[in-house]
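Here is the structure we will look at.
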Amino acid sequence: MILIEISDNEEKIVQQAIEWIAEQLSTSAISENKSKELQFSLFKRTVIDKNGIAVSLTSKEFDLLYFLYLHKGQVFTKEQLYENVWGFEDMPKDTSNLPSFIRKLRKKIEPDPDNPIYIITVWGVGYKFSEEKP
């Protein structure tokens, strides 16, 4: 460990910088994101619907939904989602859990899960979060 001596004035400046950075992080676009009807809080790991009600999501459901949301309009294959959300370099043999996660998410966030407006299936390719404002 290296110790550096600083003056009281320098310590005050460092403390102010730390406080400023903490404030910026707590209000940054990364921590709070909104679509027309959904509000995401990364630090709280919550999703609020258009009625102001928190949507109950598992950790992986939140991870998957937030990942798709951050990349609105970009289509991801199953392989890419397994790698980016689950951390698998090789897709597991049983891939039936991804469509199950998507189905569960749609039931929780979509006004009409059978006609989704947020999580869109791109047949033969994968899934994306809609770019359009519903």
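Take ASN33 and decide whether it is modelled with pLDDT under 85 and surrounded by 13 or more Cβ atoms within 10 Å (Cβ to Cβ).
Numbers: modelled with pLDDT under 85: yes; surrounded by 13 or more Cβ atoms within 10 Å (Cβ to Cβ): yes.
Against the criterion (modelled with pLDDT under 85 and surrounded by 13 or more Cβ atoms within 10 Å (Cβ to Cβ)), ASN33 qualifies.
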All-but-one check, THR77 against (1) of a type in the set (S, T, N, Q); (2) closer than 20 Å to LEU38 by Cβ; (3) surrounded by 12 or more Cβ atoms within 10 Å (Cβ to Cβ), failing number (2)
Pairs returned, first residue in the range 71-83 that is β-branched (Val, Ile, Thr) and in a loop (DSSP other than H, G, I, E, B), second residue that is surrounded by 15 or more Cβ atoms within 10 Å (Cβ to Cβ) and at pLDDT 90 or above, beta-carbon separation under 7 angstrom, 6 or more apart or interchain, are VAL75/GLY126; VAL75/LYS128; THR77/GLY126
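Report yes if some residue within the range 40-53 is touching a helix residue (DSSP H, G or I) at 6+ places or on another chain (Cβ under 9 Å) and modelled with pLDDT of 90 or more; otherwise report no. Talk me through it step by step, then tell me what you get.
So in the range 40-53, the residues touching a helix residue (DSSP H, G or I) at 6+ places or on another chain (Cβ under 9 Å) come out as 40, 42-43, 45-47, 49.
From what's left, modelled with pLDDT of 90 or more: none.
The answer is no; no qualifying residue exists.
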Practice problem: Would you confirm whether any residue within the range 96-119 is exposed (fewer than 12 other Cβ atoms within 10 Å of the Cβ), under 17 Å from LEU70 (Cβ atoms) and modelled with pLDDT under 90? | Solution: no
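The values are calculated or read from the model by the stated rules, or taken from the named source; none is laboratory data. In this text the structure is predicted, and so the values were computed from the model without any measurement. Note: ideal-geometry Cβ built from the backbone for every residue, glycine included; neighbour counts use all protein chains shown.
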